[in-house]
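Worksheet for the structure shown next.
The values are calculated or read from the model by the stated rules, or taken from the named source; none is laboratory data. Given the structure is predicted, the values throughout are model-derived calculations rather than measurements. Positions of Cβ are generated from backbone atoms using ideal geometry, with glycine treated the same way; all protein chains shown enter the neighbour counts.
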Amino acid sequence: MSVQDLALQRSKYKHLSDEEWRWFLQQAEGRERTADKLPTFAAIEEWWYPVRLSCEQCSSELAAKYKAKIVASQPPPNPLSKGEENVASSMVDLTGGYGVDTYFLSESFAHTDYVEQNAELCRIATHNFFHKPISIHNTTAEDFLTKSQIVNCKSSNRKSEYDLIYIDPARRDSHGGKVFRLEDCTPNVVELLPTLLNHLTPNGRLMLKLSPMLDLTQAVKSLSQVTWDIHVVAIKNEVKEVLLLSGGASKITAIDLDHPDQAFVFTREEEQDCRLVNGTCENGKWLYEPNAAILKAGAYKTIATRLSLHKAAPNTHLYLSDSLVESFPGRVWRIVKTIKDRKDLPEGIKQANVITRNYPLKAEQLKKHLRLNDGGAEYIIGFRMMDKPTVVLAERIQ
């Protein structure tokens, strides 16, 4: 029974108060909405779910496990000092929220502090994490760090400094509007950075989760006193989050978690030093578009150089080659022919998937110009080839 249908069955649950009924529906809706997104939680019968907004805004299990993997796989930047070998590892999530990231990250540490200013989310976390070495703190990140709160600790062998500090700043202002600068997020990580670093162990690392909408270059510049590894994380070709991990070698990893074997790693210096070779559009050539993570990461020239591709134009992020590049991290088409008007299309083609990249017309306008309907197996791709607007009929192979 769907939650909508269940909500109509109030008369069957007269023994529940209105407050209990609302909680009952919240649990049913949370489980239904997040079953695919958070399968581990769905499998726990006694798991509690927060309100819809928290369920919608939380990390997916796939993304949370990726964070845990990179934290566990990357050794600390410095070796342990003499006498520290027996100190229990610890982390803190300063913006706990629903606790998805807390849950999976905590598996790499002996003790975890969960910090959250929303009392209801803390109540839910207290229930959900009862079997884990996680302490719940109902306060703000700033107050927790300032007062060095250590409340309800489940481990006595720990320090107030952490091997990992994780923080996911809220990207909305006090009126609920979106913000696009790191300085405008809550908490203000730029202002808080010296304090965060002061709460790390000598080997500790800081992990920041940023919105894909934030200007990545500006964010790193604002935090320039730290060396960061950057992870641009996509799922199903949609960038979900950008991670900054301190203490790295300034590498950038662009990854779609549906195709982890196609992860693309590069550096800003490599991108700046690349020299492009421009291509031409001829029948039988192959056309490529990198996945969303690579484009967000800005590997426009590196992807071409590494895979011996020709770039269509400096500001057109499409690439060409004479022979097929296997396992390209993105979409791949075989160019069938160049077209200029409706008459250039093979007879019988009345529908196609129309897309444009750096082209004078929008996709809808080009579709109307060619008198095509949506759908079918064929692709019409409009793009700028150097200084010339170009349209091709193509067959997608990947």
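The rows are residues; the columns are (1) surrounded by fewer than 20 Cβ atoms within 10 Å (Cβ to Cβ); (2) in the same structural domain as Pro290 (by TED's automatic domain parsing); (3) of a type in the set (S, T, N, Q).
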site: Arg172; (1), (2), (3): yes, no, no
site: Arg181; (1), (2), (3): yes, no, no
site: Asn188; (1), (2), (3): yes, no, yes
site: Pro202; (1), (2), (3): yes, no, no
site: Lys221; (1), (2), (3): yes, no, no
site: Ser246; (1), (2), (3): no, no, yes
site: Leu257; (1), (2), (3): yes, no, no
site: Ala263; (1), (2), (3): yes, no, no
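Among the residues of region 228-258, which ones are in a loop (DSSP other than H, G, I, E, B) and at pLDDT 95 or above?
Keep residues of region 228-258 that are in a loop (DSSP other than H, G, I, E, B), which gives 236-237, 247-251, 257-258.
Result: Lys236, Asn237, Lys251, Leu257, Asp258.
A quick yes/no check of all residues on (1) under 20 Å from Ser90 (Cβ atoms); (2) touching a residue at least 24 places away in the same chain (Cβ under 8 Å):
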position	(1), (2)
Asp168	yes, yes
Phe180	no, yes
Thr186	no, no
Leu196	yes, yes
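Only a single criterion out of (1) surrounded by fewer than 15 Cβ atoms within 10 Å (Cβ to Cβ); (2) charged (D, E, K, R); (3) at pLDDT below 95 is not satisfied by Glu29, namely (1). Exactly one residue among Ala377, Ala352, Ala363 is within 32 Å of the chain's Cα centre (by Cα), surrounded by fewer than 14 Cβ atoms within 10 Å (Cβ to Cβ) and farther than 26 Å from Ser308 by Cα, and that residue is Ala377.
Quickly run through region 110-119 and pick out the residues that are in contact with a helix residue (DSSP H, G or I) (Cβ under 9 Å, 6 or more places away or on another chain) and either in contact (Cβ under 8 Å) with a residue 60 or more places away in the chain or surrounded by fewer than 22 Cβ atoms within 10 Å (Cβ to Cβ) (or both).
Matches in region 110-119: Gln117, Asn118.
Pairing residues of region 55-73 that are in contact (Cβ under 8 Å) with a residue 60 or more places away in the chain and in the same structural domain as Phe104 (by TED's automatic domain parsing) with residues that are of a type in the set (Val, Ile, Thr) and part of a helix (DSSP H, G or I), at Cβ distances under 7 Å and at least 6 apart in sequence or on separate chains, gives Ser59/Val100.
Every residue, every condition in (1) over 22 Å from Val232 (Cβ atoms); (2) free of Cβ contacts under 8 Å to residues at least 40 places away in the same chain; (3) buried (at least 17 other Cβ atoms within 10 Å of the Cβ), yes or no:
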site: Gln272; (1), (2), (3): no, yes, no
site: Gly279; (1), (2), (3): yes, no, yes
site: Leu287; (1), (2), (3): yes, no, yes
site: Ala293; (1), (2), (3): no, no, yes
site: Tyr300; (1), (2), (3): no, yes, yes
site: Ala312; (1), (2), (3): yes, no, yes
site: Thr316; (1), (2), (3): no, no, yes
site: Tyr319; (1), (2), (3): no, no, yes
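One residue alone among Ser323, Ser308, Ser327 is of a type in the set (Gly, Ala, Ser), at pLDDT below 95 and within 26 Å of the chain's Cα centre (by Cα), and that residue is Ser327.
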